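First the structure, in the form of structure tokens, and then the observations on it.
The values are calculated or read from the model by the stated rules, or taken from the named source; none is laboratory data. Fair warning: this is a prediction, and the values are worked out from it, not measured in the lab. Glycine also receives a Cβ, built like all others from the backbone with ideal geometry; neighbour counts cover every protein chain displayed. The protein model used for the area step is the full one, side chains on, heavy atoms only, and it has no ligands, DNA or RNA in it. Shrake-Rupley method; radii C 1.70, N 1.55, O 1.52, S 1.80 Å.
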Amino acid sequence: MKIHIRLREILAERGISQRQFALSMNMRIATINHLCSNSVDRVYIRTLEQICEALDITVDQLVVSVNEKEDAADK
């Protein structure tokens, strides 16, 4: 099963840039940029918790399951 981190979409919906968010979170901009990419292969649970707390969302709003068949169709 693959998962997708919806951080890019959530930030766009709220009009927050990745840079602004990283600075507000006191995180490296590269970390937020990576989490907004489609090539995330690992992430610390604590990082997800911090993001959820900052955005006042739940983990299931941030992380969604991706159907591998749909993923292959997108390529």
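Observations on the model:
- Of all accessible heavy-atom area on the chain, the percent that carbon and sulfur account for (1.4 Å): 49 percent
- Estimated vicinal HN-Hα couplings, Hz - the stretch 49-64 in sequence order (Karplus 6.51, -1.76, 1.60; Gly, Pro = x): 4, 5, 5, 4, 5, 5, 8, 6, 10, 9, 4, 5, 7, 8, 10, 10
- Per residue accessible area of the stretch 1-47, 1.4 Å probe, in Å²: 72 Å²
- Of the trypsin sites (Lys or Arg not before Pro) found in the stretch 1-63, those that fall in a DSSP loop while having at most 12 other beta-carbon atoms within 10 Å are ARG28, ARG42.
- Reported label for calculated percent of Cα pairs over 22 Å apart given [x] 16; [y] 9; [z] 20: [z]
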